[in-house]
Every structure is written in structure tokens, then in C-alpha cells.
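Contents: one structure, followed by commentary.
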Amino acid sequence: MKLLYSLTSPYARKVRIVAIEKRIPIDLQLVVLANPDCPVNLYNPLGKIPVLIMDDGQSLYDSSVIADYLDQSSPLSNLIPQETKLKYQVKRWEALADGVCDAGVAVLYESRRPENLQDPSFVVKQTEKVSRGLKVLNDDLGKSQFCVAETFSLADIALGCALEFLQRRFPEIGLEKNYPNLARLYASLILRHSFIETSPPSV
Ligand SMILES: N[C@@H](CCC(=O)N[C@@H](CS)C(=O)NCC(=O)O)C(=O)O
């Protein structure tokens, strides 16, 4: 199996952390989406990373599908609970963490357009999604040690990747001050081997 990824993609990092936690070996192929010969479109018509290329040449995307596939592939350290209610709690955390990332990525891409084409109202709308999402995540976490059922899961991985991305690109969100519960969990997540191993370069 081979993963097309970049060092800075929070979605690709989520998948890499899942593979490390589950001790599933995956070949990593670094790609640059802007390069004309970038292979991503051949495997994902949406042109997004991460993409997992299986040994038979079939591909899997997006990151939540890949994470689910990897979790099912090995019984070691289940990251998505079997029990239905807990399973969908984890998936909902993942969806919200990925969703705040989507809004952050949209703001980032908007900032790369020529200044006269940028739409301030679009940026406000996306920024509000980030702050509303982070508030719900922070309130839902409360004083718990992990996102769901006091057990490390895919929810924590998705959250940790989203928080790293948002802090790196938008330090003004003020994680410690505005979202102290998330900051506390984040401080413990980044000590894990899988998080250290996949830590993105500073930009
Ligand atoms: N929902 C997708 C989002 C993936 C995504 O947006 N990846 C970014 C890199 S961080 C990308 O490939 N962007 C290129 C584009 O949107 O054309 C997932 O979870 O895999």
C-alpha cells in the first residue's frame, strides 16, 4: 500500500497517525499538488490528498474512508469502536474536526488568490465555521481525558491534526485562551510517538 501525501496536510497526517498507531506499514509518496506531473488526479478525480493506493492498483479516498479501512485491516488498537453508539460519536467528532479544517483550508486558499479577487465575506463565513466548531468541540470535551468514552480513538487523532493545522496557519484563534479544554488534550496528544513522528515542518 502506498499513501500519496504532503507533509503539511492535516488529513494526510490523520491517516499516517492511524497507520502508526495500528502498526500498519505503508509506503509514503510525497507529492506536490501544484506540479503538472503530480499523480494524484490519476488516483483521485477530486485531485485531493491523501490517497491510498492498494496493492491491486485500486485507490481509496478521502481521509475518513482510508482511516476506517486501516482500522478494519488490523485488530490491533481499535480506533473506531465496534459499538454503534460510540462508533458514530467518534465519526461525528472526526467530521467536525475535519470540517473546521475544511473551513481553515478554504480561508488559506482564498488568501492565495490575487488580492482584488478575494472575497472578505467568504473569509468571514469560513472563519465563523472554525470558531463555532471549536467552541462545540471544546464544550463537548469538557474535562474528559479523551473525546469519546475516555479512550484514545480516531476522534482524538482527527482533533489533534485539526488543532495543529489551525494553530500553525491561524495562531490568532488563541487555543489556550479561548479553548482551554482542547488545549489541554492537544498538549497530551503531541507527546504520542505517532504525533511526534508526523509533526509537520514549521512554515
Ligand atoms: N475531505 C478530504 C479533504 C482533503 C483535502 O482537502 N486535502 C487538501 C490538502 S490539505 C487538498 O488536497 N487540496 C487540493 C484541492 O482542494 O484541490 C479528506 O478528508 O481527505
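Of everything in segment 29-42 that's surrounded by 14 or more Cβ atoms within 10 Å (Cβ to Cβ) and of a type in the set (A, V, I, L, M), which residue is farthest from the ligand (Cβ to nearest atom)?
Checking each candidate, the answer is VAL31.
Looking at segment 138-158, which of its residues are closer than 20 Å to ASP62 by Cβ and either at pLDDT below 95 or of a type in the set (A, V, I, L, M) (or both)?
The answer is LEU154, ALA155, ILE157, ALA158.
If you take the residues in segment 48-74 that are part of a loop (DSSP other than H, G, I, E, B) and within 8 Å of the ligand (Cβ to nearest atom), which one is surrounded by the most Cβ atoms within 10 Å (Cβ to Cβ)?
In this case the residue turns out to be PRO50.
With respect to ARG23, determine if the residue is of a type outside the set (Ser, Thr, Tyr), within 11 Å of the ligand (Cβ to nearest atom), outside any strand (DSSP E or B) and not assigned by TED's automatic domain parsing to the domain that holds ASN138.
no
Mind checking which helices (runs of 4 or more DSSP H) fall wholly inside segment 135-203 and carry at least 1 residues that are aromatic (Phe, Trp, Tyr)?
Qualifying helices (runs of 4 or more DSSP H): 154-169, 180-189, 193-197.
Going by the conditions given, is PRO45 more than 12 Å from the ligand (Cβ to nearest atom), outside any helix (DSSP H, G or I) and exposed (fewer than 12 other Cβ atoms within 10 Å of the Cβ)?
Numbers: more than 12 Å from the ligand (Cβ to nearest atom): no; outside any helix (DSSP H, G or I): yes; exposed (fewer than 12 other Cβ atoms within 10 Å of the Cβ): yes.
So PRO45 fails the test.
The values are calculated or read from the model by the stated rules, or taken from the named source; none is laboratory data. Source: prediction; values computed, not measured. Heads up, the Cβs are rebuilt from the backbone with ideal geometry, glycines too, and the neighbour counts pull from every protein chain shown.
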